[in-house]
Amino acid sequence: MNKLLLISLLIVAITSCASNYPDFDAESAFSHLEKQCDLGVRYPGSDGIELCREYIINELTKCNAKVESQKFSVVLNGEEIYGENIIASFYPQMSRRILFGAHYDTRPWADKEEDKSLHNIPIPGANDGASGVAVLLELAEIVAAEQPAQFGVDLVFFDLEDSGTYGDNETWCLGSSFFAEHYTKPKPEKAIVIDMIGDADLSINIEHFSYHNSPNLVREVWNIADKLEYSEFKSRIETQIYDDHYPLIAAGFNAIDIIDFEYPVWHTLEDTPDKCSPHSLKVVGQTMINLIYQEK
Ligand SMILES: [Zn+2]
């Protein structure tokens, strides 16, 4: 072996030891958030939600994922509403799997506005809708480019999360409920729902149902975030939130929710991209990447 070859092999060895984890691109993820908002409001029945479905499917197809649309309909407030979950599978031959979920629909009503005359206007959903999808689409690109050693990955984009009535759990999370109730495959080892994690002032408490059902998965994720020195992950167990992880838990999944529920402009017209930041997407996205690509 000549000297030059030996040196270059050493350099390759050193650099590949430096980090085993792919880098989550914050700016690229944030552009997925902005592009969804540019499509307009994305509530059930809107033009925007159709465009958003096309956008998600197109991005996943570019990543060579196996993409499936799960169509369903529900009756809500006496009206039949059409829904569609989008499911993407990477490395379907791998038996150990992690599932990530996020809702892509946005709320049809800005009913947390102080001014009641604004309550029937649909929200832009930059954080509540677009942020989780943005992280999942960035994960898709990374996972497509490099096969994880241990886990195949499933991404589920849930519809009809956000058209509910406050205080009535049955009216929320309808896409994830349909998905969970009709799931026939062996369950993934871990299932993680990501929601409202774009807030520029990010603070992620441990959600109660998640900790109660899946304490080990909560610990694993929070430990990874701690190693990455992401102080945005807090160790206190706060509110219980009926989010898309709940129907998964009810169906027997090992599922948790990563959510920052302290968002002052929640369900208002102020839920716009300027309230969000690329860094917040990175904090959650890189934590998910390190979970997917861990070696042991
Ligand atoms: Zn919402």
* In Å, what is the Rg of the alpha-carbon atoms in region 23-74, and how long is Dmax? -> 12.7, 40
* To do: Averaging sequence separations of C-alpha pairs under 8 Å and six or more residues apart, then dividing by the length of the chain, give the relative contact order as a whole percent.
  => 24 percent
* Holding the Cα-Cα limit at 26 Å, pick out from LYS71/LYS282; LYS112/LYS187; LYS190/LYS234 the pairs that are longer than that. => LYS71/LYS282; LYS112/LYS187
* What is the P(r) of the chain, as percent of Cα-Cα pairs per 5 Å bin from 0? -> 1, 6, 12, 17, 20, 17, 13, 7, 3, 2, 1, 1, 1, 0, 0, 0
* Find out how many positive minus negative residues lie around ILE249, taking Lys and Arg as positive, Asp and Glu as negative, among other residues whose Cβ is under 14 Å from that of ILE249. => -3
* Structure fact -> P(r) over all Cα-Cα pairs of region 33-180, 10 Å bins from 0 to the longest distance, whole percent per bin, short to long, reads 12, 40, 32, 13, 3, 0
* **Net length gained if the chain between SER31 and THR184 were fully extended (0.36 nm per residue, minus Cα distance)** => 51.6 nm
* Gain in span if fully extended, ALA200 to GLU220, counting 0.36 nm per residue against the direct Cα distance -> 4.8 nm
* Sum of -39500 (n - 2.57) over DSSP H runs of 4+, divided by residues of the chain (222 nm, nearest 500) -> -11000 deg cm²/dmol
* Structure fact -> Here region 212-296 gives, from Cα atoms, an Rg and Dmax in Å of 14.3, 45
* Given the Cα-Cα distance of LEU269 and ASP47 and 0.36 nm per residue of separation, how much length would full extension add, in nm? -> 78.1 nm
* With θ set to phi - 60° and the Karplus curve 6.51 cos²θ - 1.76 cosθ + 1.60, what are the ³J(HN,Hα) couplings of region 126-135 in order, to the nearest whole Hz, using x for Gly and Pro? -> 5, 8, 7, x, 5, 5, x, 4, 4, 5
* DSSP beta bridges in the chain, what fraction antiparallel, as a percent rounded to 5? -> 50 percent
* Sticking with the crude label model, points 7 Å out along Cα→Cβ, report the distance from SER69 to LEU118 in nm, one decimal please. => 3.4 nm
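A short reminder: the numbers here are calculations on the coordinates, not readings from a lab. Keep in mind that this is a model prediction, so the values were computed, not measured. Glycine also receives a Cβ, built like all others from the backbone with ideal geometry; neighbour counts cover every protein chain displayed.
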